[in-house]
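Asker: Here it is, the structure, as structure tokens.
Bear in mind these aren't lab numbers, they're just calculated from the coordinates by the rules spelled out. Worth saying up front: this structure is predicted, and the values here are computed from it rather than measured. Cβ atoms come from the backbone with ideal geometry, glycine included; neighbour counts cover every protein chain shown.
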Number of protein chains: 2
Amino acid sequence: MKVVDKIKSVTEQGQTAFSFEFFPPKTEDGVENLFERMDRLVSYGPTFCDITWGAGGSTADLTLEIASRMQNVICVETMMHLTCTNMPIEKIDHALETIRSNGIQNVLALRGDPPHGQDKFVQVEGGFACALDLVNHIRSKYGDYFGITVAGYPEAHPDVIEADGLATPESYQSDLAYLKKKVDAGADLIVTQLFYDTDIFLKFVNDCRQIGINCPIVPGIMPISNYKGFLRMAGFCKTKIPAELTAALEPIKDNDEAVKAYGIHFATEMCKKILAHGITSLHLYTLNVDKSAIGILMNLGLIDESKISRSLPWRRPANVFRTKEDVRPIFWANRPKSYISRTKGWNDFPHGRWGDSHSAAYSTLSDYQFARPKGRDKKLQQEWVVPLKSIEDVQEKFKELCIGNLKSSPWSELDGLQPETKIINEQLGKINSNGFLTINSQPSVNAAKSDSPAIGWGGPGGYVYQKAYLEFFCSKDKLDTLVEKSKAFPSITYMAVNKSENWVSNTGESDVNAVTWGVFPAKEVIQPTIVDPASFKVWKDEAFEIWSRSWANLYPEDDPSRKLLEEVKNSYYLVSLVDNNYINGDIFSVFA
Amino acid sequence: MKVVDKIKSVTEQGQTAFSFEFFPPKTEDGVENLFERMDRLVSYGPTFCDITWGAGGSTADLTLEIASRMQNVICVETMMHLTCTNMPIEKIDHALETIRSNGIQNVLALRGDPPHGQDKFVQVEGGFACALDLVNHIRSKYGDYFGITVAGYPEAHPDVIEADGLATPESYQSDLAYLKKKVDAGADLIVTQLFYDTDIFLKFVNDCRQIGINCPIVPGIMPISNYKGFLRMAGFCKTKIPAELTAALEPIKDNDEAVKAYGIHFATEMCKKILAHGITSLHLYTLNVDKSAIGILMNLGLIDESKISRSLPWRRPANVFRTKEDVRPIFWANRPKSYISRTKGWNDFPHGRWGDSHSAAYSTLSDYQFARPKGRDKKLQQEWVVPLKSIEDVQEKFKELCIGNLKSSPWSELDGLQPETKIINEQLGKINSNGFLTINSQPSVNAAKSDSPAIGWGGPGGYVYQKAYLEFFCSKDKLDTLVEKSKAFPSITYMAVNKSENWVSNTGESDVNAVTWGVFPAKEVIQPTIVDPASFKVWKDEAFEIWSRSWANLYPEDDPSRKLLEEVKNSYYLVSLVDNNYINGDIFSVFA
């Protein structure tokens, strides 16, 4: 979706839009860290996030890759910066076509900095001279597909700021006129350069409106987190530093914590004043850290840890081809990234699986599905790679995970347990000790208010429901006992399969069971999570493969623990169990 | 669906299939009476119903029309008889193509009786000589589309029965061999000629199995309801009458009631014996009356007034193109026939409206929508055509309807109220007296067991839900007051429109509200009834038009009552009101 439309819709609902800017890190670890932080920040519900353009070969490719992961895996509306520096038209089109095919709809069109080591911007052969050329090109070649944002300079472009720190009135006016040209050429949103004098920004907005620039103008807020960095950046941008700010920072300049705290305070006050003047959106330059941005938004009351509201039980996709997606199998609940990657070919929801047609197939397993960020790999190594002498030692690991003693799991991409799991963790611990190795679960929920913490979703005014669900590995003996016992519990439905595809089930092969649903005013019943045999059969390959690739393989090749894990993988069944009595059933009674 | 598949599925569930046969009546009134009876019988859930072939010009057309109404309006799986008498191949194909296009999948292929006034069957020029030819033709020309039933003669075909009432062993055997040929040619089901000696039927089934006839053989049961009729029919079919039956009937032959009662008893005993021998389906010749058929099935415990089970809150369509239909707007709840007629063009559900695509349009209103059977017209005349001096008199009529004093309503095709309406009829009476003229309603239901009487549907094991719903006409003043009051009830959503299309609503124009849904083991949530603005706007034309065509027009042209009703029609709003709080809301509080 175009960012300008999202901002308008947030504003119409009487809320404030906020957004975060990131840049491409230089190292692989840096990239993984960035995604962890971004994931956390995105859970607060920013209207969009943007990623700056890494000019030059490999950095450009990295930017494209990061943008695609942001949109498709982190699931946040993504805006990619694009500059003219060293970019002949073919490279520009390559970048635009790449993000278009990845479902990204937003570009920030910039001229860009001078090439490395030079003072002045140089037009490359076969490239563009300025942002206006770029805007014109995007609109003429890609029609209305992209939302185009351009930069606004409240103090005029640094190139025209004189030695005294000010632009002449003529330069300022011609800069404004140039901005108008960019908007007239098709830009639909303006994000400003950083500034520290709020009055200058407010005057700028007013001046824009005077000459007929009517699109939203979003203030770019750079929190001060480090004194030297602040001076360098302000100097680079030639921005005016209010005397009050200098006076406050001078005495604390060597105390990083104090500077950061003051930076949050100062930015909060700036934002308050800006919002009081009727501006309804804020753009935060994060410099790839999250603390200051979160602090400012908390101060403003725009985010609230206790009230993270979810529109669905899982994060709704941002990719323009998937925004209508509203149903998923429960099996990948702890591996949403793997799910997104394995259903990439279903781009045209609702015409892919679960929508109008059921024909789309899952992609096959790839090494990518088992690749883990280094941080997570280390955690798994610490927590899971211990000598395993018997199956009891394996059970112990699963039990520890369920009762909250471990932060990682080979079967999960998430940190620790989902909040709702805590409701049933003692019972989970017990069945794990008893040989039912759980990897996924949800408690039953009967008409909880849709804005309840932990289990609510979809906003206030509705009621949400869940059927209790358990997914686990167990031996054939345990499975037989369970099948026998379940005959006394007619509300229990199950399916089980082992690595050799032996199938045991008491439901039809095409039965699709909605296990999470919500009833809202003036809406159809929404059913975001299902249990279905067809995708269970696909999931089972991944679930069994994890025994090897994400656990056994972390041991040395001849380690007996490794052999034990391979035996479990080759002999156990994966079982999916639903208690259809969500009103007064008890899924654990079948294990008693 | 093919009848043979339905019988197999009923049998697999351990139940007994039963079915009813009708013939085309000679008068228009007779046809309407037939449909009323059929509607009642179909509510008991027969596996199918069949209609005999009216040989000859207009009767043939009538058979085609009745068959289509059975399948599409009564919504029962329909089997049409087709005979070779006076039927050149073009007429046969016309009949088959007509029923195929009307979504009927079942034919009973017969040679037919001799032409009127003749003793022997004569093959018509360009026609077929026997049922076998007809079966061959249907299979070769229509492939696997049709289920083909043929007649079985437990005592051999009457043509070969000798003067002593018996066929020679050779005739019997050659008759059996001919039946085998019909089955080998593609018939998949056998329904027998009537008989009164159960042993003969059981021997016949056994003989069929011996020569490799493996399809289901359904006994045709003709209840005796009148002594003379019984003798005539038995003579015509040359069937053996057991001495016990003659002895029992002789003393009571002039007492019609006694004969009918004994007929029910005798047929019940025959059926018990047949079922005890492992036969799992019964076919009842009704002769277009219902009492004997109902009596026999009650005696056998196959039907139970208190346990009419519904697969959906409305009768599921039988038309092969519509069998997957599982959602309807609530507006036509009391006018299902009008709904079916107005959505005829949506043949290919789920690709019509409410399915994969929302593009299908309702047909426009036709005179047919307002045509009523004479019986109903008379009832409306009696109950609704009284002098109306003021709006209070109009309100009084609506109130009487709600509290159960009237059996008819201009806005309903049904007899009296739906059972669930009785739960709220006192409250309905009150608001009608207060100027809110209700034409449709449902109480709220929060997790009632799906096999509860009156409100349950979908079979046992699930839970059903409803949002309270009211639909009524009221003046602009009343509407304004209601809109004002509803601000204090955030769970209330409404839409209202008058004849001039002025629109008042507090929901989005594309909001679709599921007002009836059910949660079942191992299933997605089923949502059979919805409230949606798009179809409300279509329905309102019909609802307003009923004021004139089904009420005002029943008065003489200059009657002041007629003028009053036209005024109401032209000035009132039609209002659709939902209380989205199905857990502890009270829809009537907004009227307090």
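Asker: How far, in nm to one decimal, is residue A:396 from itself in the other copies if the label point is set 7 angstrom along Cα toward Cβ? Shortest first, please.
Answerer: Between copies, matching label points for residue A:396 lie 8.7 nm apart.
Asker: Hull surface divided by four, with the convex hull built on the Cα atoms of segment A:384-513: how many nm²?
Answerer: Details: hull surface 39.4 nm².
So the mean shadow area of the Cα hull is 9.9 nm².
Asker: Rounded to the nearest 500, what is the 222 nm mean residue ellipticity of the protein assembly as shown from helices alone, with -39500 (n - 2.57) per DSSP H run of 4+ residues and division by all residues? Walk me through the numbers on the way to the answer.
Answerer: On the way: 38 runs with 446 residues, N = 1184.
The per-residue figure over the protein assembly as shown is -11500 deg cm²/dmol.
Asker: Arrange the following residues from fewest to most other Cβ atoms within 10 Å of their Cβ: A:291, A:91. Can you show the working numbers first?
Answerer: On the way: A:291 13, A:91 16.
Fewest to most other Cβ atoms nearby, the residues stand as A:291, A:91.
Asker: Now for a separate question. With the crude spin-label approximation of a point 7 Å out along Cα→Cβ, what separation in nm comes out for residue A:159 versus residue A:119?
Answerer: 1.5 nm
Asker: Between the helical axis of B:89-101 and the dominant principal axis of chain B, each derived from Cα atoms, what acute angle in degrees is found, rounded to the nearest 10?
Answerer: 40 degrees
Asker: Cα convex hull of segment B:71-230: how many Å³ per residue? Show your work: numbers first, answer last.
Answerer: Values: hull volume 23.5 nm³, N = 160.
Taking the convex hull of the Cα positions in segment B:71-230, it is 147 Å³ per residue.
Asker: Compute the whole-percent fraction of alpha carbon pairs in segment A:163-322 spaced more than 28 Å apart. Numbers along the way, then the final one.
Answerer: Working: 4035 of 12720 pairs.
Above the 28 Å cut-off, segment A:163-322 has 32 percent of its Cα pairs.
Asker: Could I ask something else about it? Across bins of 10 angstrom width beginning at 0, how are the C-alpha pair distances of segment B:139-216 distributed, in whole percent?
Answerer: P(r) for segment B:139-216, in whole percents per bin: 18, 50, 24, 7, 0.
Asker: Taking only Cα atoms of segment B:326-589, what ratio of Rg to Rh do you get with Rh as the Kirkwood inverse-distance radius?
Answerer: Using Cα coordinates only, the ratio equals 0.95.
Asker: For segment B:182-251, compute Rg over Rh where Rg is the Cα radius of gyration and Rh is the Kirkwood radius from the inverse mean 1/r over Cα pairs. Before the final figure, lay out the partial values.
Answerer: Details: Rg = 14.5 Å, Rh = 13.7 Å.
So for segment B:182-251, dividing Rg by the Kirkwood Rh gives 1.06.
Asker: Rg(Cα) of segment B:537-581 divided by 2.2 N^0.38 Å? Don't skip to the end; give the middle numbers.
Answerer: Numbers: Rg = 13.1 Å, N = 45, 2.2 N^0.38 = 9.3 Å.
In units of the 2.2 N^0.38 Å rule of thumb, it is 1.41.
Asker: For segment A:1-102, take N as its residue count and report Rg(C-alpha) divided by 2.2 N^0.38 Å.
Answerer: Details: Rg = 14.2 Å, N = 102, 2.2 N^0.38 = 12.8 Å.
Segment A:1-102 yields a ratio of 1.12.
Asker: When the Debye formula is applied to the Cα atoms of segment A:40-99, each taken as the same point scatterer, what base-10 log of I(q)/I(0) results at q = 0.17, 0.24 Å⁻¹?
Answerer: So the normalised log intensities are -0.55, -0.94.
Asker: On a straight-distance basis, which aspartates and glutamates could pair with residue A:260 in a cross-link, Cα separation under 17 angstrom, same-chain partners fewer than 8 positions away excluded?
Answerer: Straight-line reach from residue A:260, under 17 Å: A:244, A:250, A:269, A:290.
Asker: What is the sum of charges around residue A:522, taking Lys and Arg as +1, Asp and Glu as -1, for the other residues whose C-beta is under 12 Å from the C-beta of residue A:522? Walk me through the numbers before you get to the answer.
Answerer: Details: positive: A:523, B:467; negative: A:524, B:509, B:511, B:532, B:579.
That works out to -3.
Asker: Then there's this: Can you give the local net charge around residue B:284? Use residues other than it whose beta-carbon is closer than 12 angstrom to its beta-carbon, Lys and Arg +1, Asp and Glu -1.
Answerer: Values: positive: B:291; negative: B:21, B:50, B:290.
Around residue B:284, the charge tally is -2.
Asker: If amide hydrogens are placed 1.01 Å from N in the peptide plane, which non-local residues have theirs closer than 5 Å to the one on residue B:282?
Answerer: Under 5 Å from the amide H of residue B:282 lie the amide H atoms of B:17, B:18, B:19, each far enough along the sequence or on another chain.
Asker: To one decimal place, what Kirkwood hydrodynamic radius in Å is obtained for segment A:85-143 from all pairs of distinct Cα atoms? Each step should come with its number before you reach the end.
Answerer: Details: mean 1/r = 0.0824 Å⁻¹.
With all distinct Cα pairs of segment A:85-143 included, I get 12.1 Å.
Asker: Could you calculate, for segment B:495-576, the ratio of the Cα radius of gyration to the Kirkwood radius, expressed as Rg to Rh? Working shown, then result.
Answerer: Working: Rg = 17.6 Å, Rh = 15.0 Å.
Ratio value, two decimals: 1.17.
Asker: Could you tell me what % of all Cα pairs in segment A:251-312 have separations over 14 Å?
Answerer: Details: 1202 of 1891 pairs.
Value for segment A:251-312 (Cα pairs over 14 Å): 64 percent.
Asker: If you don't mind, another one. Label-to-label distances across copies for residue A:89, with labels 7 Å out along Cα→Cβ, in nm, shortest first?
Answerer: 6.9
Asker: What is the mean projected area of the alpha carbon convex hull for the protein assembly as shown, to one decimal in square nanometres? Show your work: numbers first, answer last.
Answerer: Values: hull surface 238.8 nm².
Across all orientations, the protein assembly as shown yields a mean hull projection of 59.7 nm².
Asker: Please work out the FRET efficiency for the pair residue A:363 and residue A:407, using the Cβ-Cβ distance as r and a Förster radius of 45 Å; give the result to the nearest 0.05. Display every interim value, and only then the final one.
Answerer: On the way: r = 29 Å, r/R0 = 0.65.
Efficiency at R0 = 45 Å is approximately 0.95.
Asker: Then there's this: From the label point of residue B:415, set 7 Å from Cα along Cα→Cβ, how far away are the matching label points in the other copies, in nm, ordered shortest to longest?
Answerer: 6.9
Asker: By a straight-distance test (C-alpha under 20 Å), which aspartates and glutamates pair with residue B:485 as possible cross-link partners, with residues fewer than eight away in the same chain excluded?
Answerer: In chain and number order, the partners are B:471, B:477, B:579, B:586.
Asker: Hull surface divided by four, with the convex hull built on the Cα atoms of chain A: how many nm²? Present the calculation step by step, with values, prior to reporting the outcome.
Answerer: Details: hull surface 118.3 nm².
The directionally averaged projection comes out at 29.6 nm².
Asker: May I ask for log10 I(q)/I(0) of segment B:1-298 at q = 0.10 Å⁻¹, from a Debye sum over the Cα atoms as equal point scatterers with solvent left out?
Answerer: -0.52
Asker: Mind checking which lysines have their C-alpha under 21 Å from residue A:181, skipping anything on the same chain fewer than 8 residues away?
Answerer: Answer for residue A:181, where 21 Å is the Cα cut-off: A:2, A:141, A:203, listed by chain and number.
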